[in-house]
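Below is one structure, written out as structure tokens; comments come after it.
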Amino acid sequence: MGALVEQSFRLSHEALFDHNMEAANQINGLDKQIDQYYRQIELDCVTLMTLQAPVANDLRLICAFMQLIRDLERIGDYAEDLAEFAVKLFPYSSHPCLPQVATMSHQTQMMLAASLVALADLDDTAGRRVKEMDDTVDEAYEHLYTILAKNTDVRGAVEPILLLGLVIRHLERMADHATNIGQRVSYIVTGDRA
């Protein structure tokens, strides 16, 4: 599921910053697969809780999985939205802040990758590091929001500015969900909520 979410995110990035319409078209199918994994994993977790009555570490693991698959599913949904925004942005010329938005997207993708590695390795230290990475994305969001919101010299259509505002907000939310995954890994390993 995590690999599919990463692939979906990469494709949305290609659609947005490389004007790749084919990448945008592939995401819908991936999202359906992600949703299937989400439903199956959730069902498996509920079945385990119902039939096996897990306690202590096992129950903590199952509960954390139920939460973190929701975070992954949401990142996949946001990637699908980003592809839709990309299609709407295709007819417009590139906004001057687009390279900074691309950097923000790369940083968010790195957070997702780091959170998935932390999960695969059950590495609580790596999980906590994802939270530190989130500060960079939050700062980028604030900076880009200010650029877009304070632009008083708008000529032509306002739609690209509105869409870029949505893009940076979605990237910021994706980073938050990656942070949640990292924190849930720490919880699985240590039992402490970060």
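The values are calculated or read from the model by the stated rules, or taken from the named source; none is laboratory data. Just so it is clear, the model here is predicted, and its values are computed rather than measured. Here the Cβ positions follow ideal geometry from the backbone for every residue, glycine too, while neighbour counts run over all protein chains shown. For accessibility, only protein heavy atoms count, side chains too; no ligands or nucleic acids. Shrake-Rupley method; radii C 1.70, N 1.55, O 1.52, S 1.80 Å.
Ser8 passes all but one of (1) under 19 Å from the mean Cα position of the chain (by Cα); (2) in contact (Cβ under 8 Å) with a residue 60 or more places away in the chain; (3) open to solvent by 60 Å² or more (accessible area, probe 1.4 Å); which number fails?
(3)
Taking the condition open to solvent by 50 Å² or more (accessible area, probe 1.4 Å), of a type outside the set (A, V, I, L, M) and touching a helix residue (DSSP H, G or I) at 6+ places or on another chain (Cβ under 7 Å), does Gln33 pass?
Judged against the criteria, Gln33 is a match.
From Glu84, Glu80, which residue is touching a Leu at 6+ places or on another chain (Cβ under 9 Å), open to solvent by 30 Å² or more (accessible area, probe 1.4 Å) and part of a helix (DSSP H, G or I)?
Glu80
Mind listing whichever residues of the range 93-120 are in contact with a helix residue (DSSP H, G or I) (Cβ under 7 Å, 6 or more places away or on another chain), farther than 13 Å from Val167 by Cα and not aliphatic (A, V, I, L, M)?
Gln107, Gln109, Ser115
Pick from the range 96-106 the residues that are open to solvent by 40 Å² or more (accessible area, probe 1.4 Å) and in contact (Cβ under 8 Å) with a residue 12 or more places away in the chain: which of them is nearest to Asp58 (Cα to Cα)? Step through it out loud before you land on a result.
Initial filter on the range 96-106 (open to solvent by 40 Å² or more (accessible area, probe 1.4 Å)): 96, 99-100, 103, 106.
Within this subset, residues satisfying the condition of being in contact (Cβ under 8 Å) with a residue 12 or more places away in the chain are 100, 103, 106.
Numbers: Gln100: 43, Thr103: 39, His106: 34 Å.
Result: His106.
Please give the number of the condition Met49 fails out of (1) more than 28 Å from Cys97 (Cβ to Cβ); (2) at pLDDT 95 or above.
Here Met49 meets the rest and fails (2).
Could you check, for the range 18-32, whether at least one of its residues is within 19 Å of the chain's Cα centre (by Cα), in a helix (DSSP H, G or I) and in contact (Cβ under 8 Å) with a residue 60 or more places away in the chain?
Taking every residue of the range 18-32 in turn, at least one turns out to be within 19 Å of the chain's Cα centre (by Cα), in a helix (DSSP H, G or I) and in contact (Cβ under 8 Å) with a residue 60 or more places away in the chain.
What number of residues within the range 113-135 satisfy the criterion of being open to solvent by 60 Å² or more (accessible area, probe 1.4 Å) and outside any helix (DSSP H, G or I)?
Matching residues across the range 113-135 total 1.
Name the one entry in Val185, Val154, Val189 that is under 19 Å from Met1 (Cβ atoms) and either β-branched (Val, Ile, Thr) or open to solvent by 70 Å² or more (accessible area, probe 1.4 Å) (or both).
Answer to the check: Val185.
Would you check if there is a residue in the range 107-130 being touching a residue at least 12 places away in the same chain (Cβ under 8 Å), out of contact with any Leu (no Cβ under 7 Å at 6 or more places or on another chain), β-branched (Val, Ile, Thr) and farther than 13 Å from His177 by Cα?
No, the range 107-130 contains no residue that is touching a residue at least 12 places away in the same chain (Cβ under 8 Å), out of contact with any Leu (no Cβ under 7 Å at 6 or more places or on another chain), β-branched (Val, Ile, Thr) and farther than 13 Å from His177 by Cα.
Can you find a residue in the range 176-189 that is assigned to a helix (DSSP H, G or I), more than 30 Å from Asp58 (Cβ to Cβ) and basic (Lys, Arg)?
No; the residues of the range 176-189 include none that is assigned to a helix (DSSP H, G or I), more than 30 Å from Asp58 (Cβ to Cβ) and basic (Lys, Arg).
Since Glu14 meets every condition but one in (1) touching a helix residue (DSSP H, G or I) at 6+ places or on another chain (Cβ under 8 Å); (2) acidic (Asp, Glu); (3) open to solvent by 70 Å² or more (accessible area, probe 1.4 Å), which condition does it not meet?
Looking at each condition in turn, Glu14 falls short on (3).
Name the residue that is surrounded by the fewest Cβ atoms within 10 Å (Cβ to Cβ), counting only residues in the range 42-66 that are more than 21 Å from Gly127 (Cα to Cα) and within 27 Å of the chain's Cα centre (by Cα).
Per the stated criteria, the residue is Leu43.
Identify the single condition in (1) among the hydrophobic types (A, V, I, L, M, F, W, C); (2) free of Cβ contacts under 8 Å to residues at least 12 places away in the same chain; (3) crowded, with 20+ Cβ neighbours inside 10 Å that Leu144 does not satisfy, given that it satisfies every other one.
Here Leu144 clears every test but (2).
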